[in-house]
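Visitor: Quick one: the structure is below, and I'll ask about it shortly.
The values are calculated or read from the model by the stated rules, or taken from the named source; none is laboratory data. Here the structure is a predicted model, which is why all the values come from computation and not from measurement. Positions of Cβ are backbone-derived with ideal geometry, glycine not excepted, and every protein chain shown enters the neighbour counts. These accessible areas exclude ligands, DNA and RNA; they are computed on the full protein's heavy atoms, side chains included. Shrake-Rupley method; radii C 1.70, N 1.55, O 1.52, S 1.80 Å.
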Amino acid sequence: VFCGDYIIPYIGSVLLFYFAKSAKKFGFLGVRSLRKEEKLSFLCRLLLCELAECADNQKSDDDYLLEQVLHLVQTSPERFFRSSELAEKLFLSERTLRNRFLRCYGKTPCRYQMEIKLQTACGYLKNNPDMPLREIASNLGFYDEFHFSKRFKEIYRISPKEYRRR
């Protein structure tokens, strides 16, 4: 790759300055005394450390964003959030939100939201045996008890009434 004669010395001096600041971290005392192979090896290790640090920061960003989604879903159980709404609230694209959810949870935000609502429904069914399905469905943002029943059966393979009896 041709960089031009004036760029090579500049890059070299920048790298040398950066090496000098970071060399102690890796146990090197004098960067100028290193051979070319050692400098390249050092540069590769430094690059790998930087990449690992970026990955850690990305993970913490994901954690923060996912916590925000969980907070929205849990504090508003009576409504379903579309992916576009969640993405807009978090200043992300829908695709980015979906990819981060898939990477962390192995499912889409909509699927995750549905599972959270149905887990909450299980609690209602067990702890409030007299509560009508219509009320549970309404409390969790389902259109009606039939929609709720259909989704419940898709996940748990039994109807909410059967689940309640167990």
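Visitor: Does residue 158 satisfy being over 18 Å from residue 64 (Cβ atoms), in a helix (DSSP H, G or I) and open to solvent by less than 40 Å² (accessible area, probe 1.4 Å)? Give the derivation first.
Guide: Values: over 18 Å from residue 64 (Cβ atoms): yes; in a helix (DSSP H, G or I): no; open to solvent by less than 40 Å² (accessible area, probe 1.4 Å): yes.
No: the conditions fail for residue 158.
Visitor: Test residue 135 against the stated conditions and say whether it is within 27 Å of residue 65 (Cα to Cα) and either without any contact (Cβ under 8 Å) to a residue 24 or more places away in the chain or open to solvent by 80 Å² or more (accessible area, probe 1.4 Å) (or both).
Guide: Criteria not met by residue 135.
Visitor: While we're on this one: Tell me the residue from 141, 123 that is within 20 Å of residue 86 (Cα to Cα) and modelled with pLDDT of 90 or more, please.
Guide: Matching residue, one of 141, 123: 141.
Visitor: Name the pairs whose Cβ atoms lie under 6 Å apart, with the first residue in region 91-111 and of a type in the set (Asp, Glu), the second surrounded by 14 or more Cβ atoms within 10 Å (Cβ to Cβ), and 6 or more positions between them or separate chains?
Guide: As it stands, the answer is 94/83; 94/87, since those pairs meet every condition given.
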